[in-house]
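Take a look at the structure set out below.
Each reported figure results from applying straightforward, stated rules to the coordinates on display, with no laboratory input. Just so it is clear, the model here is predicted, and its values are computed rather than measured. Because the Cβ atoms are built from the backbone with ideal geometry, glycine has one as well, and the counts that use them run over all protein chains shown.
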Amino acid sequence: MPPPSADAITALAETVDAALVETLTCELVEQPSVNPGGTEGAAVAVLARACREVGLAVTTTEVAPDRPNLLATLGESAPAPGLLFLGHTDVVPTGPNWTGDPFVVRRDGDLVIGRGAADMKGGLAAVVAAMAALSRAGEFGITLSGLVSLLATVDEEEHGLGVRAVVADPPPHDYAGCIVAEPTSLQVVRGCRGASYLQIEVTGRAAHSGRPSDGRSAIEAAAAVVWLIGRDQAEMAADPEPLLGFGTWNIGVIEGGQGINIVPPNCYLGVDRRLMPGESVTAVADRLAGQITAAGIDGDGIEVTVTPTMEMPGFATDAEAPLVLAAAAAVEQSGAATSIGGWSAACDGGFISRDLGVPTIVLGPGDINNQAHQPDESVSLTELVTAARAYVRTAVALLADGS
């Protein structure tokens, strides 16, 4: 079978329904699904209804009460691996300085304004519209050799309960690639750093501040740990790698002590460590614990424990991978400029890459740096539609018989 013509692919991409993209984005935004809070159920119900209305097969699986993952699939069976789209249905809390209700959608010209518009309910709507268009591929003489699926997970913004459940019990399909529809301003992201959290507990011995030598200061020991972390950061920064740079530390929380006139017997550090592809939080924690012991910080009345509490893996996909090249060409053919590179943010795609072995990229509408997690979050409707058309073109490039 000859590959589909450029005219046929363009005609199929042009069937993306802008009204569907706009309506579904607005409906999803107006279901708050704030995390923490465990309230994704109503948003998933809206997404499931929309998927069924365009002819997709939908299953939902609760990973916690009222926190269902959704899998929507175009096609019943296929001879070759398909294409997976990945997104999440939770949003971060609103915070201050909004100029209107965050969950009542407003329009400002081309912009759709509301919490989650960019991160990432607009991206989910663009995927649904793309899959609706792909369901008409046969009308344009295009046959897809693999299934196209949307996986929408819960709890991406906090602990990854949704994607962890997915990799523990994967979908019953094979995929040649995964596109995470997070906001990248339509840039093709082929690699992301991961994220991890660690708790560092320091215990010492209380004493009267008039005789501090009778005690052991947990805060002083914690300060020495902070110095070690700073040294490690400087060493990593001195040897960056081209795509993603280097891992980073952030000490986000310090709590300790009982009073000004008491030698502090406890101190707590809450630490964020961004992971490079292939790194694990367990290895990072073990290495830091070893450095603490080697520096003589613990012992003689001081005890330090380093406990990993969260890990989201990083990933890197080869620059010449078919998924990467097809997605970049698809964006350009859809009328937008793009580039291929890395991302400092983390996302669920690391689990799909690491645990399921599926080549993964991040590509979506909206600006992660200037819109996501901010007051008056917004996304361009034009960019949403362009993303949907690029998704159609990517799927055809990867899956069309004869291509």
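A convex hull fitted around the alpha carbon atoms of the chain yields 143 Å³ per residue. Placing +1 on the Cβ of every Lys and Arg and -1 on the Cβ of every Asp and Glu, with no other charges, gives the chain a dipole of roughly 160 debye about its Cα centre.
First check a/c for the range 1-137, with a ≥ b ≥ c the square roots of the eigenvalues of its C-alpha gyration tensor; if it is under 1.5, answer rounded, and if not, answer prolate when a/b is larger than b/c or oblate otherwise.
Since a/c reaches 1.5 but b/c is at least a/b, the shape of the range 1-137 is classed as oblate.
Across the range 263-280, computed HN-Hα scalar couplings (Karplus, 6.51 cos²θ - 1.76 cosθ + 1.60, θ = phi - 60°) run 4, x, x, 8, 7, 10, 10, x, 10, 9, 10, 6, 9, 7, x, x, 7, 10 Hz from first to last residue, x flagging Gly and Pro. The phi torsions of the range 150-166, fed into the Karplus equation with coefficients 6.51, -1.76 and 1.60 and a -60° offset, translate into couplings of 10, 10, 10, 9, 9, 6, 5, 6, 10, 10, x, 4, x, 6, 5, 5, 5 Hz, rounded to whole numbers, with Gly and Pro shown as x.
The GluC sites (Glu not before Pro) found in the range 18-112 that occupy coil by DSSP, while having at most 16 further C-beta atoms within 10 Å, are 76. Summed over qualifying helices (DSSP H, 4 residues or more, each -39500 (n - 2.57)) and divided by its residue number, the chain shows a 222 nm mean residue ellipticity of -10000 deg cm²/dmol.
Of the residues 362, 251, 48, the one whose Cα sits farthest towards the positive end of the charge dipole of the chain is 251 (charges of +1 on Lys and Arg Cβ, -1 on Asp and Glu Cβ, taken about the Cα centre).
Relative contact order of the chain: 25 percent, from C-alpha pairs under 8 Å at least 6 residues apart in sequence.
Once you sort the root eigenvalues of the Cα gyration tensor of the range 122-169 as a ≥ b ≥ c, which label holds: rounded (a/c under 1.5), prolate (a/b larger than b/c) or oblate (the other case)? Here the range 122-169 falls in the oblate category.
By its C-alpha gyration tensor, with a ≥ b ≥ c as the square roots of the eigenvalues, how is the range 320-388 shaped: rounded for a/c under 1.5, else prolate for a/b larger than b/c, else oblate? It comes out oblate by the Cα gyration axes.
Taking the empirical scaling 2.2 N^0.38 Å for compact globular proteins as reference, the range 273-403 has a Cα radius of gyration ratio of 1.47.
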